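The values are calculated or read from the model by the stated rules, or taken from the named source; none is laboratory data. Keep in mind it's a predicted model, so treat the numbers as computed, not measured. Cβ: placed from backbone, ideal geometry, glycine included. Neighbour counts: every protein chain shown.
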Amino acid sequence: MTERNFASFGLAQPLLDALARTGFTTPTPIQAQAIAPQMEGRDILGVAQTGTGKTAAFGLPILHHILDMPGRPAPKTCRALILAPTRELAVQIEQSFRSFAGGARLTTLLILGGMSRNNQIRMMGRGVDVVVATPGRLIDLMDDKAIRLEDTRFVVLDEADRMLDMGFINPVRRIVATLHPRRQSALFSATMPPEVRELAESLLRDPVRVEVTPQATTVERIAQRVELIEGGAKRARLAALLVEPGVERAIVFARTKRGADRVAENLDKDGVAAEVIHGNKAQNARQRALGLFRTGHVGVLVATDIVARGIDVPGVTHVINYDLPDEAESYVHRIGRTGRNGLEGIAITLCAPDEIKKLRAVEKITRTALLDPTGDPTTVRGRPSNQAGAPRAHAPKPAHAGKLAPKHGGQKHGGQKHGGAGHGSQHGANPAAKPTDPARAERARNRRPRRAQRAA
C-alpha cells in the first residue's frame, strides 16, 4: 500500500503550507486513519493514547471545513468546539490549531478557569471560529448567556476517559445537548470504559472507529525500572537520581498536590532546581512552570497527574514515579511523557512496601512483570541497563542545559545571566560541579515560595 502524505487528503493549501513550515511530513497512523473520513463528513470514535498525533487528526479536517465556510461566525457563537479535561491540554490544543492554521484568517479562543472571564466574554461577543475549553468554565459562560452553541458544527471530546475520571461526564452531556443537531463529532479516548461508550453512542452518528494502540499498553521504547525502597529513603534517592549522567530533562510524579509541593521543596533544599505544577496553582503560574521546563531553563518538573496526559514536551529523558498513582491506568499515561517521537526513554518507579498492591495493579493492566518473583529490588524492562541515567540515543538536549544539576543562585552561563524576570537563576549545569555553598543555599531557600504552607 502506498504511504499517504498530507496533500493526498485534499487539505486546503494554507494548511499544507503550515504543515510544511512546522516539519510535518508523513501522517501518523491515527492521522492516516482519521483524517480522510472526517474530510468526508463522518464522525470518528478514536481509541488512542497521548503522543499519537490526535490533535492534527481532528484539527486539520476541522480547519479545512471552516476555511470553506462563508462569512464570519455570529456574535457569541463558535464554529468548532474542542473539549479537554485539563487546562494544560487545552492550551496545547489551541496552540496546535493556531500553528496548523498558519496565516489563514481563523480565530481561536481558550475558555478556561484561572483566566480572565471578561476577556473570554468580550472575545465571544465577536464570534469565534474555534473554541478550546474545559467543561467547568464553559458551563459558567453558558449560564451567563455569553456563549451559544446551537450553531456549532464541529465538536471534539478529547481524553474522554479522563473527563470521566474528573467527574465531567454530566457537564459534557449538558454541553452536547445544546449543540447543532447536524454536527460533525469526534471522540477520542485512551480507554473505553462503559460510561465513555455510552457517551460516544449519544454523541456520535455511525462513527468510523480508529484504533492505533492496544488499550493500556506501554511504549516499547521506554525502559521501565522499579526500585523497592522505604518511604523515608525516597527523598535522598530522588535527589541522587536526578544528578546522574544522562538525566537531561525529567518529570517527577507525586500522588497529591501537597506531596508535589513537598517533593519540590525538598529538591530545592537538596540543591536541585525544580518547578512544580498541580491543580491548586494559578493558571499563569502553571503556564510559567511548564514554559520554563519546556525551554530547558529548568530541567525538573514535579507534577501531579494533571500533566500525565496530552502534554508534549520534547526531549523528556526520564519519568520518575515518586509515588505510585491510585489509578493503575495513570501509570501508562505518566511514563508516556518520555519515549516520544521515536526516541527512547526511561521510567523509574520508587515503590515503598505499602505501595506493592498498587504496583501489582499496574503490572496487571500493562501485562508487564515489573518485579521478578525473587523480589529483586531493581528490575529494568526494555533495555538491559541498571544505570538510572543510561545514555539515551539521539535525545535532544534542553536549551541551556547538558545535565540536571545543583541549583546555582545567580550563576552566569555563556556570558549572560539566566532567568531574568520570572525565571530566577535556575539552569542546567554539570552534575560533577561542587554543591551550592551553604550561605547561597540559605538565601535561595528564603526567596523560595513556601509551597507547603500554601497547600495546607
Checking T107 against (1) closer than 16 Å to L89 by Cβ; (2) crowded, with 17+ Cβ neighbours inside 10 Å, only one condition comes out false. Which one? (1)
Restricting region 243-261 to residues that are within 12 Å of V319 (Cβ to Cβ) and aliphatic (A, V, I, L, M), the residue that is farthest from the chain's Cα centre (by Cα): V247
Single residue of E265, E227 found to be in contact with a strand residue (DSSP E or B) (Cβ under 7 Å, 6 or more places away or on another chain), of a type in the set (D, E) and either closer than 30 Å to T77 by Cα or not in a loop (DSSP other than H, G, I, E, B) (or both): E227
Mind checking which helices (runs of 4 or more DSSP H) fall wholly inside region 83-174 and carry at least 1 residues that are touching a residue at least 40 places away in the same chain (Cβ under 8 Å) and of a type in the set (K, R)? 87-101, 117-126, 160-165
Within the group R340, R309, R286, R294, which residue is part of a loop (DSSP other than H, G, I, E, B) and either buried (at least 24 other Cβ atoms within 10 Å of the Cβ) or free of Cβ contacts under 8 Å to residues at least 60 places away in the same chain (or both)? R309
Looking for whichever is touching a Pro at 6+ places or on another chain (Cβ under 6 Å) and under 29 Å from T304 (Cα atoms) here; the options are L89, L45. Which one fits? L45
For D323, which of the numbered conditions (1) surrounded by fewer than 16 Cβ atoms within 10 Å (Cβ to Cβ); (2) in contact (Cβ under 8 Å) with a residue 24 or more places away in the chain; (3) part of a loop (DSSP other than H, G, I, E, B) fails to hold? (1)
Among the listed residues V130, V155, identify the single one that is at pLDDT 95 or above and farther than 24 Å from G291 by Cβ. V155
In the set R258, R249, R262, R237, which member is in the same structural domain as G315 (by TED's automatic domain parsing) and over 28 Å from D354 (Cα atoms)? R249
From V176, V156, which residue is under 25 Å from the mean Cα position of the chain (by Cα), aliphatic (A, V, I, L, M) and farther than 24 Å from A308 by Cβ? V176
Residue check for V276: at pLDDT below 95, over 28 Å from T86 (Cβ atoms) and surrounded by 19 or more Cβ atoms within 10 Å (Cβ to Cβ): no
Members of region 132-183 found to be among the polar types (S, T, N, Q) and surrounded by 23 or more Cβ atoms within 10 Å (Cβ to Cβ), listed by number: T134
